[in-house]
Structures are given as C-alpha cells and as structure tokens.
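The values are calculated or read from the model by the stated rules, or taken from the named source; none is laboratory data. In this text, all values refer to a predicted model and were calculated from it rather than measured experimentally. Note that we place each Cβ from the backbone using ideal geometry, even for glycine, and neighbour counts take in every protein chain shown.
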Amino acid sequence: MKTPIFITSFSSFSPLGDNPESVWENYLTDKTLISEREIEGKKQIVCTLPKELVEQKESLRKSDKYRNLDDSVLYAILASRKAIERAGWKETDVFGINIGSSRGATSLFEKYHTEFIETGKTSTLASPTTTLGNISSWVAQDLRSTGIEISHSIACSTAFHALLNGIAWINSGMTDKFLVGGSEAPLTAFTIAQMKALKIYARDFSDFPCRAFDLKKTQNTMVLGEGASVVCLEKVQTQNTIAKIVGIGYATEMLQHGVSITEEAECFQNSMKMALKNTDVRSVDAIVMHAPGTIKGDLSEVRAIEKVFGENIPMLTTNKWKTGHTFGASGTLSLELALLMLKHQKFIKVPFVETKTYPKSLHKILINTVGFGGNAVSVLIEKV
C-alpha cells in the first residue's frame, strides 16, 4: 500500500457479544461458545447468539420498519449503529457502506421458497427482502446515510473484499470514510445439511467440537456460527484511530473443483506476499488464520505460511474453535480479534494447540481469509 488507511472503530454482533469488553472477556477464557442446539427439530452443533443479543434483535424486529427483514440484516444494523457511534461519525457525514454476506437472507429465502412449493404463491415482500443488496441498503436507511451503498458475496472472504473495496474508494478520492464488513445468519437445517454433504462438518460434540488449527485431527470439524462484524475506515488518522492498515493482498488460485485448495495454498501464499510487500517478515508478530477446522484447509494454510515466512513464523491463532465459521462475516471477526490483541497487548492462543513463547509485544498482525472459489485476502495491520 502506498499510504495506510486508518481504522477508527470496530463493532460486532455475535456469540462473543456486542461490545469490545464482552468480546475480550470471552477471548480470555479457554471455553468454546459452540453448543448443541435444536434447529428445525434436529439437534445440531452450532455457535449461536447469547440470549440477550437475541432479545435485542427481536426488539428491533418489532418495529414496523424492520418486521419483515432477515436476521442477517438486523445483525448488520445493530453492529453498524455502535461502530458509527464509537467512530464519532455524525449524521451529516458522508460515508460509503459495503457490508456483504456469503448467503444473504438464508432463513427468509428458505421460508418463501417453502411457501411457494406448498401453495404456488409467495409473499409480496419475498423479492425485496431476500436480495443481497438488502443488507447495506437497510443499514444505510437506519443510519440515514446518503453515501454509496454496496453489497456482494465472495463466499467466506466477503467481509475482507468489502474492506478492499472500501480502501479502493478512499484511495480514489471519491470518499474519505467507509463502513465495511459482513453479516451472516446461516443456522438453518438446509445450510447445515449442505456443509454435511461436503463432509466437512463436525460430527461429534465435545469440549472443542471445532478443532481449528489442530493439525493432528483425523476428521473434519467445521462448525457454523452466526453474527455480523464491521469496521470504520478513514483516510486520515483521528483521535479515535485504533490501528492502521499497512498492507493488503488478494489472490485467486485455479481450482480442481468448487471447494478445493492446493496443498500449499497458493492463493494464501500470493495474498500474503502482496500484503507483506516492503515489509520485513520478521516484524510480523502474529497471524490470525482463516483455519476453518477442516483437515486440508488448516494444513494448507500453515504450509503456505511456512513457505512465505520460512524460519520466521509468527505466533499463529484463529477464533473458529470458539465462534464457529460465520462465512461472510468471518474476516472482520478475525480482524476484531487482531485489533483487540493489539489494544490489550496480549496474544490469544488456541487452547488445545501447543505454541512457542508468546511475543513480548504486539505491533503488527496479519489476518487471512479465503472463500470457496480460492479467493484469498490477507490484511496487515499495525498499532498506532
């Protein structure tokens, strides 16, 4: 990057909580937030919102304005409200919004499709409430934003592609501020069945159902989670700035089939090299990995890191053992972990993985994400 982009605030609405304090408290424990819950009549291993956040979401839904919206939209609204407040952005400020989702209005789409199969008809609101653009447009309505609003889907790297897009808009001179992130509400029986059909979903419930970054596991252990996560980007440093983005990288690799990745994750190698351009790899203190909890996914990312960093491998961690995989929201949830580690100067380890000595201080952290289709993004942040 020619010039850094500054992160003014971040906010999430997820199983970890809805404020930096509760999120950090959850990270300080070695307990996973994954549990067994009944979904559409069948017990499933998932990571769900805590009761108090469900109540917040349902309270928002009671308004006539928001009654017919999907959970993914409501999560994004609730996260975005707090992000804007913490950033100090005013109603008169002009800023862009790009909040994407891998699957969009999953629950609503399935509801309306079932209705159509059973009756041959569907609700008047079926189309406007299930379009992917629904997330950013409703966030814009809620925040009374007059800037550009964009939504997109690039599988599990969606939130980081939103971040790349926000940076591009700022660097173009077309805006000085951008709200970016992802939102996902995928906990339906059909979505979980799709992951199980791929044979990547966790089969057993234990203390740690998702064994993300455990390179000794003998079966796939991906688990689905839900939530939204956003960050406020700005062109200049302000009194609210908490970190700066000093490197971005992106790459796509040629796949053998729709969900494959090479043994040494060439996409990650290329995205990390781009993000680390003009950066001494020895200055990177930690990496928050994508690490979805699958055998091949976790191992290939570690091999890519070894290729790029050689003997100077930073501390490695991931959060999916605690939160599950939130698809399109996962990139900015990983960024949130990195920002909190920088703030508190404490490395959060994966409890069941042996690690080397922790760094005495944290100054630069790299965050990785990748989606089906081999779309990898790496982001390097630095403490201010």
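Scan F109, F116 and give me the residue that is assigned by TED's automatic domain parsing to the domain that holds S11, assigned to a helix (DSSP H, G or I) and within 27 Å of the chain's Cα centre (by Cα).
The unique qualifying residue is F109.
For the list (1) in contact with a Leu (Cβ under 9 Å, 6 or more places away or on another chain); (2) surrounded by fewer than 16 Cβ atoms within 10 Å (Cβ to Cβ); (3) modelled with pLDDT of 95 or more, I need the number of the one condition that N98 fails.
Condition not satisfied by N98: (2).
Would you be able to say whether some residue in the stretch 280-301 is surrounded by fewer than 20 Cβ atoms within 10 Å (Cβ to Cβ), at pLDDT 95 or above and under 20 Å from A251 (Cα atoms)?
Just the residues of the stretch 280-301 that are surrounded by fewer than 20 Cβ atoms within 10 Å (Cβ to Cβ), to begin with: 280-283, 295-296, 299.
Next, only the ones that are at pLDDT 95 or above stay: 280-283, 295, 299.
Subsequent filtering for residues that are under 20 Å from A251 (Cα atoms) retains 281, 299.
Yes, the stretch 280-301 contains at least one residue that is surrounded by fewer than 20 Cβ atoms within 10 Å (Cβ to Cβ), at pLDDT 95 or above and under 20 Å from A251 (Cα atoms).
For the stretch 194-207, state whether one or more residues are among the hydroxyl-bearing types (S, T, Y), in contact with a helix residue (DSSP H, G or I) (Cβ under 7 Å, 6 or more places away or on another chain) and under 25 Å from A83 (Cα atoms).
no
Suppose we filter the stretch 1-31 for residues that are polar (S, T, N, Q) and surrounded by fewer than 22 Cβ atoms within 10 Å (Cβ to Cβ); how many remain?
5
Say we look at the stretch 286-324 and pick out the residues that are part of a helix (DSSP H, G or I) and hydroxyl-bearing (S, T, Y); which of these is nearest to F352 (Cα to Cα)?
Here the residue is T323.
For the stretch 61-70, check the following and say yes or no: at least one residue is touching a Ser or Thr at 6+ places or on another chain (Cβ under 6 Å) and within 21 Å of C232 (Cα to Cα).
no
So which pairs qualify, if the first residue must be in the stretch 350-363 and free of Cβ contacts under 8 Å to residues at least 12 places away in the same chain, the second must be surrounded by 15 or more Cβ atoms within 10 Å (Cβ to Cβ), the Cβ gap must be under 9 Å, and the two must be at least 6 apart or on different chains?
Here the result reads T357/M315, each pair linking the stretch 350-363 to a residue that is surrounded by 15 or more Cβ atoms within 10 Å (Cβ to Cβ).
Answer with yes or no whether L69 is aliphatic (A, V, I, L, M) and either more than 22 Å from A162 (Cα to Cα) or exposed (fewer than 12 other Cβ atoms within 10 Å of the Cβ) (or both).
Answer is no for this residue.
Buried (at least 18 other Cβ atoms within 10 Å of the Cβ), over 20 Å from the mean Cα position of the chain (by Cα) and assigned to a helix (DSSP H, G or I) - does that describe any residue in the stretch 159-176?
yes
Hey, T131 hits all of (1) closer than 24 Å to S63 by Cα; (2) part of a helix (DSSP H, G or I) but one; which does it fall short on?
(2)
Would you mind stating whether G310 is of a type outside the set (S, T, Y) and crowded, with 18+ Cβ neighbours inside 10 Å?
no
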